[in-house]
1. Can you name the number of the only condition in (1) open to solvent by 70 Å² or more (accessible area, probe 1.4 Å); (2) modelled with pLDDT under 80 that Leu190 fails?
2. Can you name the residue in region 48-89 that is among the β-branched types (Val, Ile, Thr) and either without any contact (Cβ under 8 Å) to a residue 12 or more places away in the chain or part of a helix (DSSP H, G or I) (or both) and, of all such residues, is nearest to Gly143 (Cα to Cα)?
3. Have a look at Val161, Val170, Val128 and point out the one that is within 21 Å of the chain's Cα centre (by Cα) and in contact (Cβ under 8 Å) with a residue 12 or more places away in the chain.
4. Within region 1-47, take every residue that is among the hydrophobic types (A, V, I, L, M, F, W, C) and in a loop (DSSP other than H, G, I, E, B) and give me the one that is most open to solvent (accessible area, probe 1.4 Å).
5. Which of the numbered conditions does Arg57 fail, given that it passes all the others? Conditions: (1) open to solvent by 80 Å² or more (accessible area, probe 1.4 Å); (2) in contact with a Ser or Thr (Cβ under 9 Å, 6 or more places away or on another chain).
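The values are calculated or read from the model by the stated rules, or taken from the named source; none is laboratory data. Please read all numbers here as calculations on a predicted model, not as lab measurements. Note that each Cβ is placed from the backbone with ideal geometry, even for glycine, and that neighbours are counted across all protein chains shown. Surface accessibility is based on the protein's heavy atoms, side chains included, excluding ligands, DNA and RNA. Shrake-Rupley method; radii C 1.70, N 1.55, O 1.52, S 1.80 Å.
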Amino acid sequence: MTYEPTLRQLKCFIAVAEELNFRRAAARLFITQPPLSRQIKGLEEALGVRLLERDRRGVSLTKAGKRFLEDARVLMRDSREMVRRVNRQEQGAKSRVYLGITTAVDVSLFARIEAALEERFPGAQVRVERQISMRLLRDVNRGLMDAAIIGLPSHTAGFAVEPLGDDPIVACIASHHRAAKKRNISLLDLQDGALFWFARRLNPRCHDHCQAIFHQPRSGSRIAITFVTV
């Protein structure tokens, strides 16, 4: 017995198709792998075709999966626009502007942003919220937020992204450290020390990106780091 796919199934499929990894797709959707697998299985049963191939080498799209991915993206984009359109009609004159700012940046850099938004959108309800990047993206995707200032790398597939600037990596080292007299230091200067880092669950994509840099081959190119002595 066939039935129509749900938006949840489409969202799960798009995540797996873009990540080509069930673990990363589950983290992106804030769920565990078993319910994600059930959603994909239900979608394939609803369509009567196999969309993904799974083996020891990983996950890949079938020919039908590649074609269906484009259609699924269109349907999800149309559904989000439908929700936004209804919200705008419901709000009427009571317009709102909700902006998120990642906790990964110094909030003082955006001290005047709320006042600027109120000036740009007179009469609108303005709210600026601080949160980690992956939760900001989730809220934007759900239509709970209009835009967000996030840290990269993040799961930005399907979003319009405009780079605002670069934030240097800062190493806090003791003033008596052998590298303290240098203006810029390399990871090679810190290879014998302990690394105190944030928990991966707080920002998986940024965590993995930085870990890849920290654990690059020691013979690789030098990476300059601005430092602060303590």
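1. So the condition that Leu190 fails would be (1).
2. Val83
3. Val128
4. Met1
5. Arg57 satisfies all of (1) open to solvent by 80 Å² or more (accessible area, probe 1.4 Å); (2) in contact with a Ser or Thr (Cβ under 9 Å, 6 or more places away or on another chain) except (2).
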